[in-house]
Structure formats: structure tokens, C-alpha cells
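The values are calculated or read from the model by the stated rules, or taken from the named source; none is laboratory data. All values derive from a computational prediction rather than experimental measurement. Note that each Cβ is placed from the backbone with ideal geometry, even for glycine, and that neighbours are counted across all protein chains shown. Quick note on the areas: whole protein, heavy atoms, side chains included, nothing else; ligands and nucleic acids left out. Shrake-Rupley method; radii C 1.70, N 1.55, O 1.52, S 1.80 Å.
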Amino acid sequence: AAILAAVDVCALGRVLNEAATGREPWEGAPVGGVARFVQRGELPPGLRDGDAYPAGMERAEVRAAVLAVVRGCCHGDWQRRPAAEQVVGELEALAEQLADLRA
């Protein structure tokens, strides 16, 4: 059951990545290729240092917070991925941070 929860968290990280960048992570890569990228801890295009960032991701602190959540969700070692409850807490903190930036 623990591995299933970790797979769900990784899938959530993939969705968060797409929401943050506007691109499907590792677009065009075969499923097995994506699994290898995740196992090696490689970030998909759009979240790597030096990539062009979409609107809303230009601020370093926003980018760092989003990267931390996605990296945690897609950690190569499934046993080190956060629990879903922890991800929710991180996203709530990020939402508060974004609200403060807009104020």
C-alpha cells in the first residue's frame, strides 16, 4: 500500500509540474524513459536551472517553492516521497506565500 501512495504522490508532482510550466513533463518520452528520469532525480524541462519560466514563475522564491514540492513528489526513491498530507501542507504554504506577494 505504501508504494501505491508514493506512486500517487509522484503523479501529483507530475500534474503540479505541468500546471507550473504549461508543459507536459518529459513530453514525448516513453513511459519507461520517464521512470528512469524520476529514478535518477532529473527534473523535466521547464523546471531546470537556466530554463525560461512561464508567467508567475519568474520570482526566485516562487520557483524554489514549486521546485521543492515537485522534487519531493517525484523523488527517485519512492520511500522518501512525502505523504499526501505533507504535500497539501506545502501547497497551502505556497498559496499563502503567493497571496503575500500579490498584496
Exercise. Would you check if there is a residue in the range 5-21 being exposed (fewer than 13 other Cβ atoms within 10 Å of the Cβ), assigned to a loop (DSSP other than H, G, I, E, B) and free of Cβ contacts under 8 Å to residues at least 12 places away in the same chain?
Key: no
Self-check item: Answer residue from the range 74-89, given it is hydrophobic (A, V, I, L, M, F, W, C), at pLDDT 90 or above and open to solvent by less than 60 Å² (accessible area, probe 1.4 Å) and is nearest to Arg23 (Cα to Cα) among those
Solution: Val87
Quiz prompt | Looking only at the range 55-73, and only at residues there that are open to solvent by 50 Å² or more (accessible area, probe 1.4 Å) and under 20 Å from Gly41 (Cα atoms), the one that is nearest to the chain's Cα centre (by Cα) | solution = Arg71
Quiz item: Just checking, which of Glu96, Glu24, Glu92 is open to solvent by 50 Å² or more (accessible area, probe 1.4 Å) and at pLDDT below 85?
Solution: Glu24
Quiz item: Looking at Val70, Val62, which is the one that is at pLDDT 85 or above and either under 29 Å from Asp100 (Cβ atoms) or in a loop (DSSP other than H, G, I, E, B) (or both)?
Solution: Val70
